[in-house]
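For reference, the structure discussed in these notes is given below.
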Amino acid sequence: MPAEPVAVVGIGQTKHVAARRDVSLAGLVREAARRALDDAHLDWADIDAVVIGKAPDFFEGVMMPELYLADALGAVGKPMLRVHTAGSVGGSTALVAANLVAARVHTTVLTLAFEKQSESNAMWGLSLPVPFQQPLLAGAGGFFAPHVRAYMRRTGAPDTVGSLVAYKDRRNALKNPYAHLHEHGITLEKVQASPMLWDPIRYSETCPSSDGACAMVLTGRAGAARSPRRPAWVHGGAMRSEPTMFAGKDFVSPQAGKDCAADVYRQAGITDPRREIDAVEMYVPFSWYEPMWLENLGFAAEGEGWKLTESGATGLDGDLPVNPSGGVLSTNPIGASGMIRFAEAALQVRGQAGEHQVDGARRALGHAYGGGAQFFAMWVVGREPPAV
């Protein structure tokens, strides 16, 4: 029996901000879940199971929070699964939920991811010791900056490319009412004049720390037929991982990312992603990762990603819009950041992205990565049901 086609029929987000002091963790997740249910025209009783994800528990200091969040999510007496794959967890969580529907284990699943960074210190939480290296890290940027420098050295990319990405994404965020950063006076000159944090990464080329949650309702063909709104159909989804360190690891373009993208494209019947995908929601916590992931995901040849960015092709009005929502550079509740990429891709093909809608988007890619560039999760969603 073929897998059940999976449709996204409901999407909900909180307004992402630096600190949501008006709600608890339970209030935060319920807000996103309620909005997803309202979007799907469903209620708590219509949900068969809940799949939840977040980043490491020590970020908020609440261990296994899913146990006490069950009541807020209408999951009492229902199956509830917790997923964790570091920063890619939002994407992985959505894929676990999609697989439950595809396998006909459950008919309708609520999936949700969140983070409340205001109740933590994520920068120092991410300043973990790296074996065989001097303890000089401060935050994730300290880990990834050498990989960015390696990319620049490998490709000959000029040091202005990162600022172009940041300027683009922050302007896109102004069109997204849910985005955390709304910098109305942003200019390219301001980005380039911002302080250097981790050479070559500047302050304005880094992601913020956000409080927020994102939720989706996934169902099968029958549920999609009852939905009053156009669904987004999952055409392919995959996860891949590799160790943080091993002999021959390519930190600039990890093999796990290439393998994950290849699997998703195969499932979706995509042979030329550059031409067949209309919008990309890519996990870019530091601006230089846009050109790096363009190559890793097959949108550009090796060494050519920065040229694609520099040409303007990845702008909202370009032929390959990347992060029309503003991306992780503008909104970063870590546990939810990957799911936001997946949800924003779904909004594009549903035609519901508002001011940051890509005209005529029929297929979109959602992408997430985490850990030491070792965990990857992706899906391709489309306007039409997948071919059987």
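For the options GLY351, GLY162, GLY327, a Gaussian network treatment of the chain with springs between C-alpha atoms closer than 10 Å singles out GLY351 as fluctuating the most.
Relative to the longest principal axis of the Cα atoms of the chain, the long axis of helix 255-268 makes an angle of roughly 40 degrees. Listed options for Kirkwood radius over Cα pairs in Å are (i) 23.0; (ii) 21.0; (iii) 20.4. The value calculated from this structure is the one marked (iii).
Give, rounded to the nearest 20 debye, the magnitude of the charge dipole that the chain has about its Cα centre when Lys and Arg contribute +1 at Cβ and Asp and Glu contribute -1 at Cβ.
320
What is the local net charge at SER163, summed over the other residues whose Cβ is closer than 15 Å to its Cβ (Lys, Arg +1; Asp, Glu -1)? Walk me through the numbers on the way to the answer.
On the way: positive: LYS168, ARG170, ARG171, LYS190, ARG202; negative: ASP159, ASP169, GLU183, GLU189, ASP199, GLU205, GLU290, GLU310.
It works out to a net charge of -3.
State the answer as a single residue: which of VAL161, GLY366, GLY185 lies farthest towards the positive end of the charge dipole of the chain, with beta carbon charges of +1 for Lys and Arg and -1 for Asp and Glu, about the Cα centre. The one lying farthest along the dipole's positive direction is GLY366. Computed with a 1.4 Å probe over protein heavy atoms only, the accessible surface of the chain comes to 38 Å² per residue. In the context of the full protein assembly, HIS235 retains an accessible surface of approximately 30 Å², using a probe radius of 1.4 Å and ignoring ligands and nucleic acids. In the chain, the DSSP-assigned H stretches of four residues or longer account for a calculated mean residue ellipticity at 222 nm of -9500 deg cm²/dmol, using -39500 (n - 2.57) per stretch and the full residue count as denominator.
Comparing ALA33, ALA45, ALA279, which has the greatest mean-square fluctuation in the GNM of the chain with Cα pairs linked when under 10 Å apart? Maximum among the listed residues: ALA45. The antiparallel fraction among DSSP beta bridges confined to the chain stands at about 70%.
With the full set of protein chains in place, find how many percent of the accessible area of the chain is carbon and sulfur; take the probe as 1.4 Å. Walk me through the intermediate numbers first.
On the way: 8080 of 14760 Å².
For the chain, the apolar C and S fraction of the accessible surface comes to 55 percent.
Running a GNM on the chain with Cα contacts under 10 Å, which residue among GLY53, GLY335, GLY354 ends up with the highest mean-square fluctuation? Largest GNM mean-square fluctuation: GLY354.
Where in the chain lies the longest segment free of trypsin sites (Lys or Arg not before Pro) that are both loop residues by DSSP (not H, G, I, E, B) and have at most 12 other Cβ atoms within 10 Å? The answer is 105-388. Partner lysines whose Cα lies under 16 Å from the Cα of LYS190, excluding those fewer than 8 positions away in the same chain, are identified as LYS168. Rounded to the nearest 10 degrees, the inclination of helix 89-102 to the longest alpha-carbon principal axis of the chain is 30 degrees. Bridges between two residues of segment 268-388, per DSSP, are antiparallel at a rate of about 65%. For the chain, excluding the exposed loop sites themselves (chymotrypsin sites (Phe, Trp or Tyr not before Pro), DSSP loop, at most 10 other Cβ atoms within 10 Å), the longest remaining stretch covers 247-388. Averaging the sequence gap over all C-alpha pairs within less than 8 Å and six or more residues apart, then dividing by the number of residues, gives segment 258-388 a relative contact order of 29 percent.
The values are calculated or read from the model by the stated rules, or taken from the named source; none is laboratory data. What you are looking at is a predicted structure, and each value in this text was computed from that prediction instead of being measured. Neighbour counts run over all protein chains shown; Cβ positions are idealised from the backbone, glycine included. For the accessible areas, the whole protein counts, side chains as well, though only heavy atoms, and no ligand, DNA or RNA atoms are used. Shrake-Rupley method; radii C 1.70, N 1.55, O 1.52, S 1.80 Å.
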